[in-house]
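Below: the structure, in structure tokens.
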Amino acid sequence: MIKQFLSSQAGHPKGMIGRLFALLMNKGNKDVYDGIMDMLDVTPQTSLLEIGFGNGQLLLEIEKTHPKRICGIDISETMMAAAQKKFKKAGLTDRIEIDRAGTEAIPFDDETFDTVLTSNTIYFWKDLRQGLTEIHRVLRKGGCFINGFATVKGLKDHSFTEYNFKKYELADFKKASIETGFKVEDQIEIIKDKAYCVKIIKQ
């Protein structure tokens, strides 16, 4: 029961426990966040979207790079409220746009963004290829998607991931990316054989 509860909180944080879990995820995701930041190429003309922004920690870091537009989507009402609180404290309520949504129907027009990114969320998407297709739709041609995630081996380090987690190897993600109209441009190995950041480009 405890493992199932933790698994559900990882995929859809709710209430006080969800807020606490998000703080733990910020710490656990630090190396992935660093990898994503290393891969980012932000200019004053960049429009950017984060999928699954949690309590908004990474969006706050990205805002410091001064993109033209910065947006996020998340399925959790609890995370929406936590992020809004952070953004208000930072004086960025009108600067960072957030919406409650998932990857099955991203609520933006075609070719809106130059960059889309996510950290440790693909396990919870309803369908990997559907999500990649939606990301492809909202990206401009030549735009990139940066995905930070743990492999099957990496997820085994956390026993609660045996519930509610869809697991992918690096090769699985690359194959799905190519099949949905992307090319693989770069990757960073965060933890050997266990975690990666992968940058793919819309062709």
- Task: Looking only at the range 81-110, count how many residues are in contact with a Phe, Trp or Tyr (Cβ under 6 Å, 6 or more places away or on another chain) and part of a loop (DSSP other than H, G, I, E, B).
- Result: 2
- Which condition does Glu134 not pass, out of (1) closer than 16 Å to Val32 by Cβ; (2) within 15 Å of the chain's Cα centre (by Cα); (3) not small (Gly, Ala, Ser), if it passes all the others? (1)
- Message: Tell me yes or no: at least one residue of the range 149-165 is crowded, with 22+ Cβ neighbours inside 10 Å and either among the polar types (S, T, N, Q) or within 29 Å of Thr43 (Cα to Cα) (or both).
- Response: yes
- Selection status of Asp172, under 15 Å from the mean Cα position of the chain (by Cα) and either modelled with pLDDT of 95 or more or among the β-branched types (Val, Ile, Thr) (or both): no
- Query: Taking the range 111-138, which residues are surrounded by 20 or more Cβ atoms within 10 Å (Cβ to Cβ), in a loop (DSSP other than H, G, I, E, B) and hydroxyl-bearing (Ser, Thr, Tyr)?
  - Reply: Thr121
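Okay, residues lined up against (1) over 19 Å from Ile70 (Cβ atoms); (2) in a helix (DSSP H, G or I):
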| site | (1), (2) |
| --- | --- |
| Ala10 | yes, yes |
| Met25 | yes, yes |
| Met37 | no, yes |
| Val42 | no, no |
- When you look at Asp99, is it out of contact with any Gly (no Cβ under 9 Å at 6 or more places or on another chain), surrounded by fewer than 15 Cβ atoms within 10 Å (Cβ to Cβ), within 30 Å of Asp172 (Cα to Cα) and at pLDDT 95 or above, yes or no? no
- Task: For residues that are assigned to a helix (DSSP H, G or I) and more than 21 Å from Phe108 (Cα to Cα), scanning just the range 61-80, find the one that is modelled with the highest pLDDT.
- Result: Glu61
- Task: Could you tell me which numbered condition Lys141 fails, if it satisfies all but one of (1) surrounded by 19 or more Cβ atoms within 10 Å (Cβ to Cβ); (2) in a strand (DSSP E or B)?
- Result: (1)
- Of (1) farther than 18 Å from Ile135 by Cβ; (2) surrounded by 15 or more Cβ atoms within 10 Å (Cβ to Cβ); (3) out of contact with any helix residue (DSSP H, G or I) (no Cβ under 6 Å at 6 or more places or on another chain); (4) not polar (S, T, N, Q), Cys71 satisfies every one except (1)
- Filtering the range 186-203 down to residues that are surrounded by 14 or more Cβ atoms within 10 Å (Cβ to Cβ) and in contact (Cβ under 8 Å) with a residue 24 or more places away in the chain yields Ile188, Ile190, Ile191, Lys194, Ala195, Tyr196, Cys197, Val198, Lys199, Ile200, Ile201, Lys202
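The values are calculated or read from the model by the stated rules, or taken from the named source; none is laboratory data. Just so we're clear, the structure is a prediction, and the values are computed from it rather than from any experiment. All Cβ positions, glycine included, derive from the backbone under ideal geometry; neighbour counts span all protein chains shown.
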